Every structure is written in C-alpha cells, then in structure tokens.
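S.K.: One structure, pasted below without further comment.
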Amino acid sequence: GKRTFSIQDPGTRGFAKEWLLHKLLQREGVLTTMYTFLPVEMNNKALGLYAFEEHFEKQLLESQDRREGVILKFDEELFWEAMLLKNRDNIHHNFPSYEAAYIKPFGKKRLLKSKSLKKQLVLGNNLLEMYRTMNPDIDIYLDVERYAKYLAIVTLTNTHAHSAEWHNQRWYVNPVSAKLEPIVFDLSDDFVSGENENKIFSMLMKMYEHKSVSTKEYLHAFVFKNQKFQQRYLAHLERMIGAGYLDSTLKELNSEINEIDLALSQEYPNQRVEKGVLFDNVKKVKQQLPGFKTWLKDKLPLVKPDTANRRRDLHPIISTKLPVKVYEQSKTSYVIENNGGHQVSVFGYKSNESKD
C-alpha cells in the first residue's frame, strides 16, 4: 500500500533502535513514517535484509487516522551547500540557511489541483512562518500535545534531537485543528546505557544567559519558554518514567518485537530490540529531572537568541523574511547577498525633491 519508499542498510539508523522509536511514537499518536525490515531481491538476486521506510505521501496520513492534507518542509538546499563547502574546502560560510529557506510542500502539483488543499497550503505556509520567526504563542500554530509527547519520548530514550533539527523537520497541516503536527523520522541514534547525561537535558542546560544561542540551537529552547508546552512536556515525561509505562508498552509490542528479533537474527545475530537500556535510562531521567526543572525555572528565561548582524550597515528597509540582504557600501553603492538559491532581479531608482 506504499507508493514511494526508501530502502537502506539496517545499520544506518541503529538497527532495531530506530524501529522501536517509531513504535513508541505511534503508540502515543505522534505521526511517523512506517519503518520495518524486509528481505530485498533485485533481478532474482537476493541482497539480504534492508530497512524499509515510506515517503511523505497521503498513505502515511491515512494509515494513522488523519485526513488527507498538506505536508511541508524547509528547503535544505542552502544547508547542504554550506556543508559541502565546509567539508570539501574547509570554508565555514555563515549562510542564513534556515532564515532563507523556502517552504516546500510534498506533491505540489496534486495540491494545486484541489481548492481545499490549496487553501490548506496557504494556511500551512502562514503557520510555518510563525514557527520560523519563533512566535512565542506556539499553541496558536503548533499541536503542543503531540510535540510535547515527541520530545518526551526522545528524552525517555536518551536520543539526540537529530530529528528536530530544522532541515529534518516535516510538518502535517492538520485541517481539523488548523495546527502543525510533527512527522517524525530519522531519529538516527543509539540509546546507550553507558552515558550518564541525558542528551536533551544537557543540550538545553548548556545554553547560558551570558552567551547568545545560535538560531539552530535556540529553535529547541524557545518552545520550552511557552508555559503550556513546558507543563505538557513534563506531564508526559513523568507519566512515561512512572511505574508500569515501559512494562505495559513492551508487553503490548511483544509479538512485533519477536518478529523483528527473528528477522534481524538471520543476518545480524548480535542485533536485538534493546529493552534493558530503556529501563536504565528511566532511572537516570528520574535522577536528573529535578535539576532540569530548576534550570527551566531559573535559567531558561534568561536564554536569548543570537540576533547580532555579522556585517555592519545592513539596509534597514529590506524584509528579514527575504533571502536577500543589502549592505550600504558608500553613498552610491550597495553590496547585495542573495542566499535564496534563485535568480533575483535588482531594479535601480533615483530620487528628486518630489518623489522617489
């Protein structure tokens, strides 16, 4: 029933770890891709076991009881261009990749053929622009409940917030609630029992009031400044580390876990669904949660984003939403930076006493 999908080496995202994270998210009603393991054969040649993941199509929404709707993402082109320069030429160019990124829908042609979906596309663009500009009233445009559950599961499993990085974000524009829901994928991490620090706690608590935080990092912090989000996140996390949650969850998934273990054992005999690590993580979350709550109360309100402009003489009338920056070089000349990935036409003008 899937029209578009990818297959990849099972070790790319940590074997059964990625599968279990998807199952935990689905159990909490958080949208995620179908992720499983299948034997692959090409031209009658057996290639072995691969990880299967569906793409961002309407089937993803239908299988998880959502209405057909719009799925959006930020264009990653400028981000990967900057990474290419960094890795190939060791040039650390500070592209405003996130600020300049276009908002792109999946299946644009199909959306534009439908009046209702076209309206949802316009709504989604407006909601995602509110998110991009970090409007503090996040419950206006974000499904706070589901986003809080998602980050609580990432905390519970001691996983990096890799999937919450802006270039990995995928958003469903829910036509019923008129809010953005995260579609979570590419968690791409181990939940290792040997680590003492919780990755989400430590990532946030490293942000200090005396040092401005980059946009990329502040994107994780600003949602926690919203009191409703903070309350729901803590409520879900405390529920998940409470008595019986993991036991009942793993019991419910037991038959599926056995199937995954069996599938992996044929080719990767040392790989299994790691249950014990999760219980170790719960103990550590319980120990570290009081300190994190204190930081939320005392230190988080003082954390500020880095809004410093890296070049002087930025022309004041150019909108910050455009991927173009104009700098005044002299009274008669300007420097124009186009970070949008598309051609920009520049029109000159002259002024006299009566008009521009």
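The values are calculated or read from the model by the stated rules, or taken from the named source; none is laboratory data. Only a predicted model underlies this, so the values are computations on that prediction, with no experimental measurement involved. Methodologically, a virtual Cβ is constructed for each residue, glycine included, from the backbone with ideal geometry; neighbour enumeration extends over all protein chains shown. Surface areas here come from the heavy atoms of the whole protein model, side chains and all, with no ligands, DNA or RNA. Shrake-Rupley method; radii C 1.70, N 1.55, O 1.52, S 1.80 Å.
S.K.: What percent of all Cα-Cα pairs in segment 13-161 falls into each 5 Å bin, going from 0 up to the bin containing the maximum distance?
M.R.: P(r) over segment 13-161, rounded to whole percents: 2, 7, 11, 14, 17, 18, 15, 10, 4, 1, 0, 0.
S.K.: Take the Cα atoms of segment 126-167, build their convex hull, and give its volume per residue in Å³.
M.R.: 74
S.K.: Quick one: 3J(HN,Hα) in Hz for segment 39-48, Karplus 6.51/-1.76/1.60 with θ = phi - 60°, rounded, Gly and Pro as x.
M.R.: Each residue of segment 39-48 in turn: x, 10, 10, 10, 6, 6, 10, 6, 9, x Hz.
S.K.: Select from Asn258, Asn270, Asn281 the residue whose mean-square fluctuation is largest in a Gaussian network model of the chain (Cα-Cα springs shorter than 10 Å).
M.R.: In this elastic network of the chain, the residue with the biggest mean-square fluctuation among Asn258, Asn270, Asn281 is Asn270.
S.K.: Quick one: what are the phi-derived ³J(HN,Hα) couplings along segment 125-137, Karplus 6.51/-1.76/1.60 with θ = phi - 60°, whole Hz, x for glycine and proline?
M.R.: My calculation for segment 125-137 gives 4, 5, 5, 5, 5, 5, 5, 4, 7, 6, 4, x, 7 Hz in order.
S.K.: For segment 25-94, take N as its residue count and report Rg(C-alpha) divided by 2.2 N^0.38 Å.
M.R.: In units of the 2.2 N^0.38 Å rule of thumb, it is 1.66.
S.K.: If I compute solvent accessible area with a 1.4 Å probe over the protein chains, what percent of it on segment 1-159 is carbon and sulfur?
M.R.: 51
S.K.: Got a sec to turn the phi values of segment 72-80 into Karplus ³J(HN,Hα) couplings, 6.51 cos²θ - 1.76 cosθ + 1.60 with θ = phi - 60°, whole Hz, x for Gly and Pro?
M.R.: 10, 8, 8, 4, 8, 4, 5, 4, 6
S.K.: Give the label of the value calculated from the structure for Rg/Rh (Cα atoms, Kirkwood Rh), choosing from (1) 1.01; (2) 1.11; (3) 0.95.
M.R.: The listed entry that was calculated here is (1).
S.K.: Sticking with this one: Are there trypsin sites (Lys or Arg not before Pro) in segment 23-106 that DSSP puts in a loop and that have at most 15 other Cβ atoms within 10 Å, and which ones?
M.R.: Arg67
S.K.: Between Lys199, Lys115, Lys228, find the one with the highest GNM mean-square fluctuation for the chain; connect C-alpha pairs within less than 10 Å.
M.R.: Maximum among the listed residues: Lys115.
S.K.: Hey, which lysines would be in cross-link range of Lys113, C-alpha to C-alpha under 26 Å, not counting anything within fewer than 8 residues on its own chain?
M.R.: Lys2, Lys58, Lys73, Lys104, Lys179
S.K.: Determine one quarter of the surface area of the Cα convex hull of segment 204-265, which equals its mean projected area, and express it in nm² to one decimal.
M.R.: That works out to 7.2 nm².
S.K.: Loop by DSSP (not H, G, I, E, B), at most 16 other beta-carbon atoms within 10 Å: where is the longest site-free stretch of the chain for chymotrypsin sites (Phe, Trp or Tyr not before Pro)?
M.R.: So the longest stretch without any such site is 209-346.
S.K.: Which whole-number percent of Cα pairs in segment 79-233 have a distance greater than 20 Å?
M.R.: 58
S.K.: How much accessible area per residue does the chain have, counting only protein heavy atoms and a probe of 1.4 Å, in square angstrom?
M.R.: Value returned for the chain: 55 Å² of accessible area per residue.
S.K.: Kindly provide the helix-only [θ] at 222 nm of the chain, computed as the sum of -39,500 (n - 2.57) over DSSP H runs of four or more divided by all residues, to the nearest 500 deg cm²/dmol?
M.R.: One gets -12000 deg cm²/dmol as the mean residue ellipticity at 222 nm.
S.K.: List the residues, sorted by chain then number, that are 5 or more residues from Lys304 or on another chain and whose placed amide H is less than 5 Å from its amide H.
M.R.: Here the answer is Val213, since their amide H atoms fall under 5 Å of that of Lys304.
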